[in-house]
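Below is one structure, written out as structure tokens, with a few remarks after it.
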Amino acid sequence: MPFSSSPVPALIAAFALGLAVSATAAEIGQIKVSKGQVSIERDGRVLPGNVGVRLETSDVLKTGPDGSVGVTMSDDSLLSAGPNSILSLDRYDFDPVTHKGVFDAGLRKGSLAVISGHIAKQAPDAMTVRTPTSILGVRGTEFVVSAGD
Amino acid sequence: MTRPRRFDRWQSIGLLAALCSGACSTGTVILLPEESGRETAVSVRQGDKEVLLKEPYAAARQTPFGPQAYRSNPDEVQSTFGAALAAQPMRPLQFTLYFVEGKDELTDESKQIVERVFSEISRRPVPDVLIVGHTDAVGTDQLNDALSRQRAETIRAALIAHGIAPENVTAVGRGKREPVVPTAEGVSEARNRRVEIVVR
């Protein structure tokens, strides 16, 4: 829903509390780069993973043999996956005022490049990336990880 | 049936581990050089075994024997992760604009920064922008909440006039709650009269 058409009482309440008003509360990030075959699994549905699509917690991104996808999260972390990858956004909670939060992502297979954002900066292990065999505790900032095959 | 000597068994486990470092690796983690020179580290845990990566190109392979540390290099990063790195979004950029006291009018210096914000937005295929307005500590909370909001909305309107879609620009006001320079109540402080803009 466009910001400008938010219900007036909600706007006033948010304004009075000085809180961030996001277009949709559940949005946690956005697809910024998408090449080849990219899809999103959300609540049992499969959506095309096009540039501009807003992401939600529990979304699972999949890339095909020619696919790659780049995502910017609301804490400014950047995640990008190469071909034949499955990336899940398992848990995400970010407070834009304190910059605190948690972020657990999963790379079930494929390749992933990460530049961590505000969440990882606030506390060690506030951000983790799980692969089928390991858990990465992200203290910052730029790394790559592969899983499977 | 000949029972293998203890020595042989250890030898074969060693050989297996050596083979495994490449052949039965189930994944790799490589720490990359950090652009801004910030401190950086990633811990790699497999069960109760842990390797901490702290230096550029410090790396760990996951094997059935736990994570094995090794040193990677730019060639390996490029060959395994080239496609993932090529899909990396542009880094978010932050700008700060300053305002004339008590108004939603930019200072002359900040008017020029607005041009840089415009050009940064136009470089991005799907920009989204967060604008957070702030005030100094002169006046009531109510007044400063309204003023900070008005400052953020003024910049939002300018960006929309410049062509960015309204749904991609969010404006919020935080009043005097988050000063850059903490002051006593009622103190005029130019560095706190600002909006912070993140272009993603």
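Return yes when A:ASP90 is surrounded by fewer than 19 Cβ atoms within 10 Å (Cβ to Cβ) and under 12 Å from the mean Cα position of the chain (by Cα) and no when it is not. Steps first, please.
Working: surrounded by fewer than 19 Cβ atoms within 10 Å (Cβ to Cβ): yes; under 12 Å from the mean Cα position of the chain (by Cα): yes.
Criteria met by A:ASP90.
It is to be established whether one or more residues within the range B:93-108 are in contact with a Ser or Thr (Cβ under 7 Å, 6 or more places away or on another chain) and under 25 Å from A:GLY140 (Cα atoms).
Going residue by residue through the range B:93-108, those that are in contact with a Ser or Thr (Cβ under 7 Å, 6 or more places away or on another chain) are B:97-101, B:104.
Narrowing further to those that are under 25 Å from A:GLY140 (Cα atoms): none.
No: the range B:93-108 contains no residue that is in contact with a Ser or Thr (Cβ under 7 Å, 6 or more places away or on another chain) and under 25 Å from A:GLY140 (Cα atoms).
What is the residue count in the range A:42-82 for residues that are over 15 Å from B:ALA87 (Cβ atoms), over 14 Å from the mean Cα position of the chain (by Cα) and outside any strand (DSSP E or B)?
2
Look at the range B:29-54 and say how many of its residues are surrounded by 12 or more Cβ atoms within 10 Å (Cβ to Cβ) and either touching a His at 6+ places or on another chain (Cβ under 7 Å) or within 7 Å of chain A (Cβ to nearest Cβ) (or both).
Residues meeting the conditions: 12.
Identify all residues within the range B:151-168 that are part of a helix (DSSP H, G or I) and touching a strand residue (DSSP E or B) at 6+ places or on another chain (Cβ under 7 Å); write none if there are none. Reasoning before the result, please.
Looking only at the range B:151-168, we keep the residues that are part of a helix (DSSP H, G or I), and these are B:151-161, B:166-168.
Passing the criteria: B:ARG151, B:ALA152, B:GLU153, B:ILE155, B:ARG156, B:LEU159, B:ILE160, B:ASN168.
Which of (1) surrounded by 19 or more Cβ atoms within 10 Å (Cβ to Cβ); (2) part of a strand (DSSP E or B); (3) more than 9 Å from chain B (Cβ to nearest Cβ); (4) aliphatic (A, V, I, L, M) is the odd one out, the single condition A:VAL102 does not satisfy?
With (1) surrounded by 19 or more Cβ atoms within 10 Å (Cβ to Cβ); (2) part of a strand (DSSP E or B); (3) more than 9 Å from chain B (Cβ to nearest Cβ); (4) aliphatic (A, V, I, L, M) applied to A:VAL102, the lone miss is (1).
Check off (1) farther than 27 Å from B:ALA83 by Cα; (2) not in a loop (DSSP other than H, G, I, E, B) for A:PRO124 and give me the number that stays unchecked.
A:PRO124 satisfies every listed condition except (2).
Can you tell me which residues in the range B:55-95 are outside any loop (DSSP other than H, G, I, E, B), away from chain A (no Cβ under 11 Å) and loosely packed, with under 14 Cβ neighbours inside 10 Å? Lay out the reasoning, then the answer.
Going residue by residue through the range B:55-95, those that are outside any loop (DSSP other than H, G, I, E, B) are B:58-63, B:66-71, B:74-86, B:93-95.
Next, only the ones that are away from chain A (no Cβ under 11 Å) stay: B:68-71, B:74-75, B:95.
Scanning the range B:55-95 gives B:ALA69, B:ARG71, B:PRO74, B:ASP75.
Looking at the range B:122-142, which of its residues are part of a loop (DSSP other than H, G, I, E, B) and within 24 Å of B:ARG91 (Cβ to Cβ)? Even if it seems obvious, please write down each step before you answer.
Step one: filter the range B:122-142 for residues part of a loop (DSSP other than H, G, I, E, B), giving B:123-128, B:134-140.
Residues satisfying the conditions are B:ARG123, B:ARG124, B:PRO125, B:VAL126, B:PRO127, B:ASP128, B:HIS134.
Run B:PHE118 past the list (1) within 25 Å of the chain's Cα centre (by Cα); (2) within 14 Å of chain A (Cβ to nearest Cβ) and report the number of the one that doesn't hold.
B:PHE118 satisfies every listed condition except (2).
Scan the range A:83-95 for residues that are of a type in the set (Gly, Ala, Ser) and assigned to a loop (DSSP other than H, G, I, E, B) and jot them down. Even if it seems obvious, please write down each step before you answer.
Step one: list which residues in the range A:83-95 are of a type in the set (Gly, Ala, Ser), which gives A:85, A:88.
Across the range A:83-95, the qualifying residue is only A:SER85.
Select from the range A:53-77 the residues that are aliphatic (A, V, I, L, M) and more than 25 Å from B:ILE197 (Cα to Cα) and list them in ascending order. Steps first, answer last, please.
At the first step, the residues of the range A:53-77 found to be aliphatic (A, V, I, L, M) are A:53, A:55, A:60-61, A:69, A:71, A:73.
Within the range A:53-77, A:VAL60, A:LEU61, A:VAL69 meet the criteria.
Out of the residues in the range B:144-185 that are of a type in the set (Val, Ile, Thr) and within 11 Å of chain A (Cβ to nearest Cβ), state the one that is surrounded by the most Cβ atoms within 10 Å (Cβ to Cβ).
Top of the filtered list is B:VAL169.
What are the residue pairs meeting all of these: first residue in the range A:135-149, first residue among the aromatic types (Phe, Trp, Tyr), second residue outside any loop (DSSP other than H, G, I, E, B), Cβ atoms under 6 Å, and 6 or more apart or on different chains?
Close Cβ pairs satisfying both conditions: A:PHE143/A:VAL114; A:PHE143/B:LEU31; A:PHE143/B:VAL42.
Values quoted throughout were computed directly from the atomic coordinates according to the rules given, and no laboratory measurement underlies them. Quick caveat, the model's predicted, so the values are computed rather than measured. Note that each Cβ is placed from the backbone with ideal geometry, even for glycine, and that neighbours are counted across all protein chains shown.
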